[in-house]
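A quick write-up on the structure given underneath.
All of the numbers you see were taken from the coordinates with simple rules; none came from a lab. Remember, predicted model here, so these are calculated numbers, not experimental data. Cβ placement follows ideal geometry from the backbone for every residue including glycine, while neighbour counts extend to all protein chains displayed.
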Amino acid sequence: MATMSGTGLTFPDSSVLSGIIGTNYIAKWATATQVTHGSSQDAYLNLEVVMPAPKTNNSKYLVMAEVHCDDTNSGGGGVGLSIWVDNTASSYWVNQQGTHADYYSGGADHYWTIQSMIMDDGNVAQSPAINTSQRRKYRLYGDNHNGNMYFCTTNVGGRIGWTGYLFVCELDGGLF
Amino acid sequence: MINTTEKIFQNSFAQTVTEIAKDAGIGFLYNSPPNNMSDLTEAYWDSDNFKWLKAETLDYNTAAEAAKVGEPDTIAPAPCTYAEFKTKLEAKYTKETYQRLRKAEYPPIEDYLDAVAKGDTAQEQAYKDACTAVKTKYPKDYVHPGNSKLTKDFSKIA
């Protein structure tokens, strides 16, 4: 976990992000398309952010996502988000929350707003090393228990705005 | 509980797809589900927004495998025809409509348990009568009245 110190943002490996953050690459993507999937495995949520090659091999990526969910049958169910990255060589899971990150066992009409946030430094989970010769493509996937989930749903009453988003920000390694 | 026509139709659609896929032992993936029967066109049925997936995709769990879902070699033949699907969906939608509208208006089950606990046969009968009235109000062939006619307090609010 990163902590704020007197001179900047300190990471677990003792590196410190300092100075003015003015030239980092920032991208975001949103969708209003509802997605559902027939199994508890990973459903691509049509959320993708392609980051250009990083400034340095020491850069880190802040990845944040939020998705609205609704069960399709008023039964029990669970959800979780997965962050995926492709570095042009292959693709990897940066993080998987699993199918029960938020879960109800009873039958009723349930709704979820689920978030995920991860600092990808090229070492977390299966994430490949960050390399200035490779762009990184991030995607968001949804897992569900019982195969009965709408992701990025528009079914939430009174909702205004995105039904799901994926946000990625490169923290310039040159500032660490 | 939202009981709008769109919500009931989308849930009926999801359940119909799920049951057919389960019976066929395959998977599915769809985007932008139809809001009503007129949205469920043959063009949607054949579009990239609606795909039946081969059985092996259900076991995919690596990032590389997940990325392949939806590509041509992961697509399974449709397990039924468009017409067969519509017939099943219509039946499901009709059933789902009366069941959801009844559920929203049945008296609380606590009233029945309270009557039993107290041995109050009059209260027990009142509960049964109230249930019967709801069943009569929404027969099994009941047609959804339209969103503007949903008068139960929170029927239109998630």
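Of interest is the spacing of the C-alpha centroids, which for region B:79-146 and region A:133-176 amounts to 38 Å. Taking the convex hull of the alpha carbon positions in region B:61-105 and averaging its projected area over all directions gives 5.5 nm².
Given Cα positions, please report Rg to Rh for the protein assembly as shown, the hydrodynamic radius being the Kirkwood one. That ratio equals 1.08.
Can you tell me the equivalent ellipsoid semi-axes for region B:5-149? Use √(5λ) from the Cα gyration tensor, largest first, whole Å.
Working: eigenvalues 337, 73, 28 Å².
Largest first, region B:5-149 gives 41, 19, 12 Å.
The orientation-averaged projection of the convex hull spanning the C-alpha atoms of chain A amounts to 10.9 square nanometres.
Annotation: for a label point projected 7 angstrom from Cα along Cα→Cβ of B:K140, residues of region B:88-116 with backbone N closer than 17 Å are B:88-103. Listed from fewest to most Cβ neighbours within 10 Å, the set A:R139, B:R102 follows the order B:R102, A:R139. Taking each DSSP H run with n ≥ 4 as -39500 (n - 2.57) and averaging over every residue of the protein assembly as shown yields -8000 deg cm²/dmol at 222 nm. A simple packing score, the average count of other Cβ atoms within 10 Å per residue, orders the peptides A:54-66, A:141-153 as A:141-153, A:54-66, with the highest score first. Between region A:59-94 and region B:1-65, the C-alpha centres lie 20 angstrom from each other. Listed by chain and number, the lysines placed with their C-alpha closer than 19 angstrom to that of B:K103 are B:K7, B:K92, B:K95, B:K128, B:K135, B:K137, B:K140, B:K149, B:K152, B:K156; residues fewer than eight positions away on the same chain are left out.
Ordering A:I114, B:I26 by the number of other Cβ atoms within 10 Å of each residue's own Cβ, fewest first, gives A:I114, B:I26.
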